[in-house]
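The values are calculated or read from the model by the stated rules, or taken from the named source; none is laboratory data. Every value quoted in this text rests on a predicted model; they were computed, and no experiment measured them. Glycine also receives a Cβ, built like all others from the backbone with ideal geometry; neighbour counts cover every protein chain displayed.
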Amino acid sequence: MDNLSRKSAWNREQLEHFLRSTKIPARISVIDGSYPFICSVWFEYLEGTLRIVTHRNSKLAKSLRREGRCAFEVGANEPPYLGVRGKADVQAQNENPELTLRRVIERYLGDSNLNLAAWLLGRAEEEIEFVLYPTWATCWDYQQRMDASD
């Protein structure tokens, strides 16, 4: 991922390892009219981009198509707090969202919820993929500050 802030707690390799390995959903923020709108989505990190799949008529999909940019965050909700946030240009990919959908289902569910996986795949033709091209990112990591042994 290019354009990493000089003040980032992690270098590029650490950031990429985190995004490839975490199962924390991404929070995507867009402007919806005159207010921000935030939506949590499953993602995959691939070749410096975040890829998401959502229903093509969802508020998120409409906003991403209209705006062509967003802010994002992938961060732990429980201590120790750590994560990545940034800004990205966004492009819709209409070719075959089912391939990405299958990969994110495997990433987040594995074999743990076959009914949900089947339901999501059953509506794959109604989905759209978006690729987020980060234009700026930074990381934070409070693990040492929040060490439980202190």
For region 81-90, check the following and say yes or no: at least one residue is closer than 25 Å to S34 by Cβ, acidic (D, E) and at pLDDT 90 or above. yes
Members of region 1-36 found to be of a type in the set (A, V, I, L, M, F, W, C) and in contact with a Ser or Thr (Cβ under 6 Å, 6 or more places away or on another chain), listed by number: V30
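Looking only at region 36-73, which residues are closer than 13 Å to V104 by Cβ and among the aliphatic types (A, V, I, L, M)?
V41, L46, L50, I52, V53
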Can you tell me which residues in region 84-124 are more than 17 Å from the chain's Cα centre (by Cα) and among the basic types (K, R)? R123
Would you mention how many residues in region 97-126 are loosely packed, with under 13 Cβ neighbours inside 10 Å and not in a helix (DSSP H, G or I)? 4
Considering region 35-53 alone, what residues qualify as being farther than 15 Å from R102 by Cβ and not charged (D, E, K, R)? Y35, P36, F37, I38, C39, S40, V41, Y45, G48, T49, L50
Residues of region 29-55 being without any contact (Cβ under 8 Å) to a residue 60 or more places away in the chain and either surrounded by 15 or more Cβ atoms within 10 Å (Cβ to Cβ) or in contact with a Lys or Arg (Cβ under 8 Å, 6 or more places away or on another chain) (or both), in sequence order, are S29, V30, D32, F37, I38, C39, S40, V41, Y45
Flagged in region 72-83 as assigned to a strand (DSSP E or B) and either over 10 Å from the mean Cα position of the chain (by Cα) or not aliphatic (A, V, I, L, M) (or both), in numbering order, are F72, E73, G75, L82, G83
